[in-house]
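Accompanying notes for the structure given below.
Please treat every number below as a calculation from the coordinates, not as lab data. It should be emphasised that the depicted structure is a prediction, and the values quoted were computed from it without experimental measurement. Positions of Cβ are generated from backbone atoms using ideal geometry, with glycine treated the same way; all protein chains shown enter the neighbour counts.
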Amino acid sequence: MNFLFILSVIFIFSSGGQVNKPHKKERVIIDSHITLAEALKGKEIPNTNTKNLRIIDVEYYSFDNGLHRGQVVIHKDLAEDLKEIFTLIKEKKFPIKKVDPINKYDWSDEASMKDNNTSAFNYRVISGTRTFSTHSLGRAIDINPFLNPQIKNGQTFPEGAVYNKYSRGTITANSWLTHEFYKRGWRWGGNWKFTQDYQHFEKTKIIK
Ligand SMILES: [Zn+2]
């Protein structure tokens, strides 16, 4: 019996027989944990808009470097895309402030944006118009909206937000995140002609 063998026997016994101890499970901070019915409360919404919605859990590192779990209300056809993208967001530790369904903000897009909250479904019109937004079918998502505001006619939404493409959590034309959305057939609002909506990705139905 040589010395190294004795050492390894001692090690195995002292570690309870497990040489490779599994990593301690990381604590998850829960930002949202509700049902779809709860997420749709507080607003009259036609069944044609809600029937295809799903609520999915997503995990991400926030700006506190902690691992968080939130929820997205999204059209069922886009749920897989978002799950894949959020897996990458978590892996790459792209910071996401929080992901709460919009009813937590009393259905106020403005309040959600000011809180830098990422959200998808919202039954609302495009601001300043009577046209329903792609968000009202759950076919769009706004990511870190305070860091990625919308710029329209020289005005910034939400008010007080500043787009600095070098900040963490910001989306640009060359971001890996933008490319992952493109690969799955989504469009990015950051390169639209008359407005730059840096927070916005959407995938609308292809009309043939
Ligand atoms: Zn949007």
Can you tell which of S133, S32, S167 shows the greatest fluctuation in a Gaussian network model of the chain with Cα springs below 10 Å? S167
Any idea what the dipole of segment 39-80 comes to, in debye rounded to 20, about its Cα centre with Lys/Arg Cβ at +1 and Asp/Glu Cβ at -1? 260
Dipole of the chain (Lys/Arg Cβ +1, Asp/Glu Cβ -1, origin at the Cα centre): which of I45, W107, F194 lies farthest to the positive side? F194
Sum up the charges of everything whose Cβ sits under 11 Å from the Cβ of H33, counting Lys and Arg as +1 and Asp and Glu as -1, but leave H33 out. -3
Among DSSP beta bridges lying fully in the chain, give the percent that are antiparallel, nearest 5. 80
Where a ≥ b ≥ c are root eigenvalues of the Cα gyration tensor, a/c under 1.5 meaning rounded, otherwise prolate if a/b exceeds b/c and oblate otherwise, segment 25-202 counts as rounded
Could you go through segment 194-203 in sequence order and give the Karplus-derived ³J(HN,Hα) for each residue, using 6.51 cos²θ - 1.76 cosθ + 1.60 with θ = phi - 60°, rounded to whole Hz, and x for Gly and Pro? 9, 8, 10, 10, 5, 7, 9, 10, 9, 9
Degrees, to the nearest 10: 3-14 long Cα axis against longest axis of the chain: 50
Cα-based reach from K152 at 16 Å (exclusive), listing lysines while leaving out same-chain residues under 8 positions away: K193
What is the dipole size for the chain, taken about its Cα centre, with +1 at each Lys and Arg Cβ and -1 at each Asp and Glu Cβ, in debye to the nearest 20? 420
Each residue of segment 158-165 in turn: what ³J(HN,Hα) in whole Hz from Karplus with 6.51, -1.76, 1.60 and θ = phi - 60°, glycine and Pro shown as x? x, 4, x, 7, 10, 8, 10, 5
Over 31 Å between C-alpha atoms is what I'm after, so list which of K51/K93; K24/K76; K43/K76; K92/K114 land there. K51/K93; K24/K76
Any chance you could check the Cα centroid distance between segment 188-203 and segment 99-119 for me, in angstrom? 18
Relative contact order for the chain: what is it in percent, counting Cα pairs under 8 Å that are at least 6 residues apart? 15
Output wanted: per-residue J couplings in Hz (rounded whole) for segment 80-96, from phi through Karplus 6.51 cos²θ - 1.76 cosθ + 1.60, θ = phi - 60°, x for Gly and Pro. 5, 4, 5, 4, 4, 5, 5, 4, 5, 4, 5, 4, 8, 6, 6, x, 10
In terms of modelled amide H atoms, which long-range or inter-chain residues lie less than 5 Å from the amide H of S133? R124, V125, I126
Connecting every pair of Cα atoms under 10 Å apart in the chain and solving the GNM, the largest mean-square fluctuation among H33, H75, H135 falls on H33
